[in-house]
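J.: My questions will all concern the structure given below.
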Amino acid sequence: MTFASTDATSDASATRTVGVELGERTYDVLIGPGLLAKAGALIAERLGKVKCAIVTDENVAHHHLAALERSLTAAGLAAQSVVLKPGEATKSFRELVPLCERLLEMGLERGDIVVPFGGGVIGDLAGFSAGILRRGVRFVQIPTSLLAQVDSSVGGKTGINTPQGKNLIGVFHQPSLVIADTDVLTTLPVREMRAGYAEVAKYGLLGDAGFFGWLEKNWRGVFANGGPPLAHAVETSVKAKAAIVARDETETGDRALLNLGHTFGHALEAWTGYSNRLLHGEGVAIGMAQAFRFSEERGLCAQGNAARVEHHLRQVGLPTRIQDIPGGKADAGELLALMGQDKKVRQGKLTFILVRGIGEAFIARDVPPEQVRDFLQREIAG
């Protein structure tokens, strides 16, 4: 499958609009620079004079919260803010309960909106709170990380982590609007930018070999401060996800392809305790490299593809091996048990996203656990 995209050399200052087609719940993803200053007007135009509850983290608040509050106030929208600790550990029951209570204390009604303003952690947590508050209130995603802009803010997956695994508690709850201001990415630490890039590369690896080839040639431009390559990468990724979500909103079929690298990666994240040892995108990068190596070992994919994928990810600065994770040595049995908690497990059988080549991912539901264990043991041994 190839995902249509606009010219990568088109005007970087233009706002690009991608629709997520879900009937009466269709919404737009707006992509471009300078959108944070326009956020209030964009929300008021589409959703009316609503009360806004901004949920963000300390890092984003330091750089951008004042600008968003000014934008909402200028549009005549009442707004209050909740500022949480950054990091994957925030996506937990421990933070969900007080967040919901705080939103209720604000007097948020069904017609009002929650505004997740941050990366994937904030988007997932605050989106989940919106989904369960008063049995569902509207929300507007304003993603501030590359990972969130290209992936987690689109498609309505919300949730929290547990010791048993990642994102095992949550709901499908679609946003009313997504505002992706590419200018805010300039304040991201380089490690966070790289982690987000793993999800960009994923869209090429799972269904668009041409896009992956473009990334191999243009990745440095994606990491530059704004400009057409970044906007092109974000738009192409969002179009890819929007097309899949429109076909399979609740992951009963094709949407599982979006989990390329995630079965391996999520197990690694759980093994590290969702700590700073391994960011989500870094886990996905290792997982995608493993998916290609595993596919080659099983004769599903021509030799050389895995090396090409690993070379590109390493060129960008991403990890591709379990040994790249600092602190401690993994155990194959423990990782396999963590995979058993994956959301895609059906009747106790593991589901993997494997590949026949770059841009040719497929869903495999018949992978023997002993093959996975043997593969993991070889991966750990190096």
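J.: For the chain, give me the percentage of DSSP beta bridges that are antiparallel, rounded to the nearest 5 percent.
T.: Antiparallel: roughly 40 percent of the beta bridges in the chain.
J.: Shifting gears a bit: Name the residue farthest towards the positive end of the dipole of segment 268-382 from the options Ala361, Ile325, Leu376, assuming +1 on Cβ of Lys and Arg, -1 on Cβ of Asp and Glu, about the Cα centre.
T.: My answer, from the dipole projection, is Ala361.
J.: Here is a further query. If R₀ is 41 angstrom, what is the calculated FRET efficiency for the pair Val190 and Arg110, using the beta carbon separation as r and rounding to 0.05?
T.: 0.50
J.: Ok, one more. Could you work out which residue, out of Leu257, Leu108, Leu146, moves most in a Gaussian network model of the chain, that is, has the largest mean-square fluctuation with Cα springs under 10 Å?
T.: Per the Cα network of the chain with a 10 Å cutoff, Leu108 tops the list.
J.: Under DSSP H, which helices of the chain have Cα atoms covering 27 Å or more of the helix axis and a Kyte-Doolittle average no less than 1.6?
T.: Membrane-span-like by this rule: not one helix.
J.: I've got another one for you. Of the listed pairs Lys166/Lys329; Lys38/Lys217; Lys51/Lys166; Lys202/Lys239; Lys241/Lys329; Lys166/Lys241, which have alpha-carbon separations greater than 23 Å here?
T.: Lys38/Lys217; Lys51/Lys166; Lys241/Lys329
J.: With a cut-off of at most 16 other beta carbons within 10 Å, and DSSP calling the residue loop, which trypsin sites (Lys or Arg not before Pro) in segment 279-364 qualify? Please list them.
T.: Taking segment 279-364 and a limit of 16 other Cβ atoms within 10 Å, the loop trypsin sites (Lys or Arg not before Pro) found are Arg298, Arg321, Lys329, Arg356.
J.: At a Förster radius of 41 Å, what calculated FRET efficiency corresponds to the Cβ-Cβ distance of Gln371 and Arg220, to the nearest 0.05?
T.: For R0 = 41 Å, the calculated efficiency reads 0.60.
J.: For Asp151, Asp57, Asp254, what ranking results if the residue with the fewest other Cβ atoms within 10 Å of its Cβ goes first?
T.: Arranged by neighbour count, lowest to highest, Asp151, Asp57, Asp254 become Asp254, Asp57, Asp151.
J.: While we're here: Which residue, Thr182, Leu35, Leu22, has the largest displacement toward the positive end of the dipole of the chain when charges sit on each Cβ (Lys, Arg +1; Asp, Glu -1)?
T.: Of Thr182, Leu35, Leu22, it is Leu22.
J.: Another one. Among Ser275, Leu338, Leu313, which residue has its Cα positioned farthest towards the positive end of the charge dipole of segment 190-381, with +1 placed on the Cβ of Lys and Arg, -1 on the Cβ of Asp and Glu, and the dipole taken about the Cα centre?
T.: Positive-end residue among those listed: Leu313.
J.: Treating only the Cβ atoms of Lys and Arg (+1) and Asp and Glu (-1) as charged, compute the dipole magnitude of the chain about its Cα centre; round to the nearest 20 debye.
T.: Dipole magnitude for the chain comes out near 280 debye.
J.: Still on this structure: Rounded, prolate or oblate: which one fits segment 283-365, using the alpha carbon gyration tensor with axes a ≥ b ≥ c (rounded when a/c is under 1.5, else prolate when a/b beats b/c, else oblate)?
T.: oblate
Values quoted throughout were computed directly from the atomic coordinates according to the rules given, and no laboratory measurement underlies them. Since the model is a prediction, treat every value here as computed from it, not as a measurement. Cβ sites come from the backbone with ideal geometry, for glycine too, and all protein chains shown count toward neighbours.
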